[in-house]
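K.L.:
Before anything else, here's the structure in question.
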Amino acid sequence: MEFKYNLSNIVIDFIANAKINEISIGCSDSQVVRIEKKNNVYFLKIAKKGLLTSEYKKLKWLEAKLEVPKIVLYDENDTTEFLITEAIKGEMICSDTYTKNPKLGLKIIANAFKKILDVNIDDCPFDVSIDYKLQLVKRNVENKLIDISQLSEKTLKKYGNLENVLQYLNDNKFYEEKCFSHGDTSLPNIFALNNEFSGFIDVGECGIADQWFDLAICEKSIRRNFGEEYISEFYKELNITPDREKIDYYLLMMELYL
């Protein structure tokens, strides 16, 4: 396969005699490669310098705190960063196993959320709360990174344009019920092995945030993968009453995410 960047010597040594194949290119400055080596599976992320620093630091901080990919190797040069992690064992909660048995999937998701909430934030150095998120969506709107056609018909009818959505989000901030947040609790990022939660992937946006953000993301993913009828079951499994105002706020915010 063809690499977008020149590999460092330590990465070249690691992938020697291994089976490799590209998983995705993601943004124009990154590349993801699956590595099979000695009956183990790893993932190599390659990106323009600065794009993997946060994820590396967050994975380091989460060691022994949450089931996330174990760092095997991190390297950098003047232009590029390299991150190799062990694969999380099991399969995504959006796999056929769980789309055909959503109630089992919901039990695993509920356990995954309990794991998130068990992470102590007293010494967490990563702030991804509402002001941070609003800065992200503001950047997306101002840099014209969001196509207005991506907005739902309901949102377009109510707000008319991206700027009005952003204004609403800024004007309607609320008190945050802060806890540790994974940052993207969509079903492809939650894994199970033998019908038990086994880990999370993609923690680049994790940190201290409002608890309803992760719930909103997961609700959206459950709706897409399991169906609308399982949303109420989701909250019953968590034994919480959904705060629709906050959830709907974050669902609207996500329309301005990339």
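The values are calculated or read from the model by the stated rules, or taken from the named source; none is laboratory data. Note that the coordinates shown come from a computational prediction; the quantities given were computed from them, not determined experimentally. Counting neighbours? That spans all protein chains shown, and the Cβs are built from the backbone with ideal geometry, glycine included.
K.L.:
Filter the stretch 123-159 for residues that are outside any helix (DSSP H, G or I) and more than 17 Å from ASP210 (Cα to Cα) and give the result.
P.N.:
Residues satisfying the conditions are ASN143, LYS144, LEU145, ILE146, ASP147, LEU151, SER152.
K.L.:
Could you go through the stretch 13-34 and let me know if any residue there is touching a Gly at 6+ places or on another chain (Cβ under 7 Å) and either modelled with pLDDT of 95 or more or surrounded by 13 or more Cβ atoms within 10 Å (Cβ to Cβ) (or both).
P.N.:
Taking the stretch 13-34 first, the residues touching a Gly at 6+ places or on another chain (Cβ under 7 Å) are 32.
So of that shortlist, the ones also either modelled with pLDDT of 95 or more or surrounded by 13 or more Cβ atoms within 10 Å (Cβ to Cβ) (or both) come out as 32.
Within the stretch 13-34 (the criterion being touching a Gly at 6+ places or on another chain (Cβ under 7 Å) and either modelled with pLDDT of 95 or more or surrounded by 13 or more Cβ atoms within 10 Å (Cβ to Cβ) (or both)), the answer is yes, since at least one residue qualifies.
K.L.:
So, one more: If you scan the stretch 206-250, which residues turn out to be surrounded by fewer than 21 Cβ atoms within 10 Å (Cβ to Cβ) and part of a loop (DSSP other than H, G, I, E, B)?
P.N.:
Listed by number, the residues that qualify are GLY227, ASN239, ILE240, THR241, PRO242, ASP243.
K.L.:
Right, here's the next one. List the residue pairs whose Cβ atoms are under 7 Å apart, where the first residue sits in the stretch 165-193 and is farther than 20 Å from LEU252 by Cβ and assigned by TED's automatic domain parsing to the domain that holds LYS154, the second is surrounded by fewer than 22 Cβ atoms within 10 Å (Cβ to Cβ) and of a type in the set (Asp, Glu), and the two are 6 or more positions apart or on different chains.
P.N.:
ASN189/ASP202; PHE191/GLU91; ALA192/GLU91
K.L.:
On the given criteria, is TYR168 part of a helix (DSSP H, G or I), of a type in the set (Ser, Thr, Tyr) and surrounded by fewer than 18 Cβ atoms within 10 Å (Cβ to Cβ)?
P.N.:
For TYR168, the condition - part of a helix (DSSP H, G or I), of a type in the set (Ser, Thr, Tyr) and surrounded by fewer than 18 Cβ atoms within 10 Å (Cβ to Cβ) - is met.
K.L.:
Related question: Evaluate the following for GLY199: is it assigned by TED's automatic domain parsing to the domain that holds GLU153 and either over 15 Å from ILE109 (Cα atoms) or of a type outside the set (Gly, Ala, Ser) (or both)? Walk me through it before giving the result.
P.N.:
Numbers: assigned by TED's automatic domain parsing to the domain that holds GLU153: yes; either over 15 Å from ILE109 (Cα atoms) or of a type outside the set (Gly, Ala, Ser) (or both): no.
No, not satisfied.
K.L.:
Filtering the stretch 87-107 down to residues that are hydrophobic (A, V, I, L, M, F, W, C) and under 17 Å from the mean Cα position of the chain (by Cα), which residue is surrounded by the most Cβ atoms within 10 Å (Cβ to Cβ)?
P.N.:
Step by step, filter the stretch 87-107, then rank; the result is ILE93.
K.L.:
Sticking with this one: Of the residues ASP147, ASP127, ASP131, only one is touching a Gly at 6+ places or on another chain (Cβ under 8 Å) and either assigned by TED's automatic domain parsing to the domain that holds ILE35 or of a type outside the set (Phe, Trp, Tyr) (or both); which?
P.N.:
ASP127
K.L.:
Considering only residues of the stretch 57-90 that are out of contact with any Ser or Thr (no Cβ under 6 Å at 6 or more places or on another chain) and acidic (Asp, Glu), which is nearest to ARG34 (Cα to Cα)?
P.N.:
Among them, the one singled out is GLU86.
K.L.:
Now a separate question. Just to verify a result, which residue in the stretch 35-48, among those that are among the β-branched types (Val, Ile, Thr) and over 19 Å from ASP78 (Cβ atoms), is surrounded by the most Cβ atoms within 10 Å (Cβ to Cβ)?
P.N.:
ILE35
K.L.:
Let me spell it out: the conditions are (1) crowded, with 21+ Cβ neighbours inside 10 Å; (2) out of contact with any strand residue (DSSP E or B) (no Cβ under 8 Å at 6 or more places or on another chain), and ASP202 meets all of them except one. Which number is the exception?
P.N.:
With (1) crowded, with 21+ Cβ neighbours inside 10 Å; (2) out of contact with any strand residue (DSSP E or B) (no Cβ under 8 Å at 6 or more places or on another chain) applied to ASP202, the lone miss is (1).
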